[in-house]
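What follows is a short report on a single structure.
The values are calculated or read from the model by the stated rules, or taken from the named source; none is laboratory data. The structure displayed is predicted, hence computed values, not measured ones. As a convention, Cβ positions derive from the backbone with ideal geometry for all residues, glycine included, and neighbour counts pool all protein chains shown. Just so you know, the surface numbers come from the protein's heavy atoms only, side chains and all, with ligands and any DNA or RNA stripped out. Shrake-Rupley method; radii C 1.70, N 1.55, O 1.52, S 1.80 Å.
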Amino acid sequence: MNIDQLFLRPLSQEDIPTVFSLTSDPEVARYMRFSTHTSRQEAEDLYREYTSFGNYGYLICRKDTLAPVGVAALKKEENDGASRSMSVFLYPRFWNQGYSTEVVRHLTDIARQEHLSCLKAYVVQDNTGSCRVLEKNGFLVQEILHFPDLPSGLCIFTRKL
């Protein structure tokens, strides 16, 4: 899928129901570092995090139908103004169609335009599809963290810009 078939627009408050429909889906949340959302308030909190100063939150949409595909964000890294971590999550019906690969490329371009020096992504090790997307986009595994509540590790991918 070519990025020309997608567009990313800044998240707005009107997108909170879409964020909630994604984050409340157990299939989506199983690969995220948060539990499945059970209330709209949790989605509102995530929206506020993604749109707070220095962060960039986006709704991913198809150009042809304007249908929401997912959500993406570039978030500030603690104590490092020149780095951002990225999050991308899509509705399962859009998995395995090349969307994530193109969105990561687009987020990398945005990071370059913002003169950032490094992008990071935190991916559950079992999420082999997302791991492969990052590798195809030039990210390398920097470290694998292990947590008692996570059956597999949490991979930290980085890419210098």
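Looking at Glu102, Glu27, Glu78, which is the one that is surrounded by fewer than 14 Cβ atoms within 10 Å (Cβ to Cβ), of a type outside the set (Gly, Ala, Ser) and in contact (Cβ under 8 Å) with a residue 60 or more places away in the chain?
Exactly one residue qualifies, and that residue is Glu27.
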- Could you tell me whether Tyr47 is more than 13 Å from Gln13 (Cα to Cα), among the aromatic types (Phe, Trp, Tyr) and open to solvent by 10 Å² or more (accessible area, probe 1.4 Å)? no
- Message: Going by what's in this entry, would Leu46 be described as of a type in the set (A, V, I, L, M, F, W, C) and in contact with a Pro (Cβ under 9 Å, 6 or more places away or on another chain)?
- Response: no
- Kindly indicate the residue of the stretch 126-149 that is open to solvent by 20 Å² or more (accessible area, probe 1.4 Å) and assigned to a loop (DSSP other than H, G, I, E, B) and also modelled with the lowest pLDDT among those meeting that condition. Asp149
